[in-house]
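Structure, as structure tokens:
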């Protein structure tokens, strides 16, 4: 670690060796790095993802839709290993030119419709099935406001606080303090909202809860970034109550483990092609899927 402050060059150039554990996949250009078609299963909805918080949003909603009786929400969930660069295959880039998980292909329409960005996928599926999104103007606006709050706020939690606190090759006080302050402000925003509401947008469980729980519920309950004590997350009592309430939903418990490749073996389901896959999480199956 240098003691000298960084002076930006006149023209920035890419240093392939700089960037910590993600240096080998981060790059300042878009487009595919190799040719690879995406697999297609037997269901109309084809999801290509990984069980990061953004990936969990979509699998949780799909499991909620199925639990609510929407048979058309059956889906195949294919594993995209981002650390190995799967997101830069030509098929995935065609589904999402931004090369980020998750990406959805809806084959129930012709031509098949691609949908990318997790918030967009949640909105697309909620509208497609008429579920988890209020139809009355006021509650709908409230739900969408919180959905877009999450999409705008979380990069400061993940790419900001999470990066500098947990992943950056050098620890600097200024960025950690700056983003810790913002992370705690966001936790306070949610805690205050949940003081008078059962769920994020009011009395009804919606896609806003799903989107926000995947990140902030994980931070509160699962110790994302090993930051539970550092951010004193358990002190946000209303947020903790809500996070535990959402976590208790069976569809959430199923959806959060789809495309998961880390943690306890019984909490991993590398790929999901049928509801019965949740009952077949043996080590042999995991090894064959990997």
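Any read-out appearing in this document is the output of simple, stated calculations on the displayed coordinates, not a laboratory observation. In this text the structure is predicted, and so the values were computed from the model without any measurement. Using ideal geometry, Cβ is built from the backbone for each residue, glycine included, and neighbour counts are taken over all protein chains shown.
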* To do: Based on the mean of other Cβ atoms within 10 Å per residue, sort peptides 62-68, 177-183, 41-47 so the most packed one is first.
  => 62-68, 41-47, 177-183
* What Rg and what Dmax come out for region 189-290 when only alpha-carbon atoms are used, in angstroms? -> 15.6, 47
* To do: Calculate the all-directions average of the projected area of the chain's alpha-carbon convex hull, and give it in nm².
  => 17.1
* Asked: In the Gaussian network model of the chain, springs joining C-alpha atoms below 10 Å, which of 261, 33, 143 carries the largest mean-square fluctuation?
  -> 33
* Sorted by mean Cβ packing within 10 Å, highest first, what order do the peptides 208-216, 123-131, 272-280 take? -> 208-216, 123-131, 272-280
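Starting from the alpha-carbon convex hull of region 137-254, give the projected area averaged over all orientations, in nm².
7.3
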* Structure fact -> What one gets for region 66-211 as the Kirkwood radius, inverse of mean 1/r over different Cα pairs in Å, is 17.6
* With the Cα gyration tensor of region 1-156 in hand, give its eigenvalues times 5 under a square root as the equivalent ellipsoid semi-axes, listed largest first in whole angstrom. => 33, 22, 13
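Starting with the highest mean, order 145-152, 24-31 by the number of other Cβ atoms within 10 Å, averaged over the residues of each peptide.
Packing order, densest peptide first, comes out as 145-152, 24-31.
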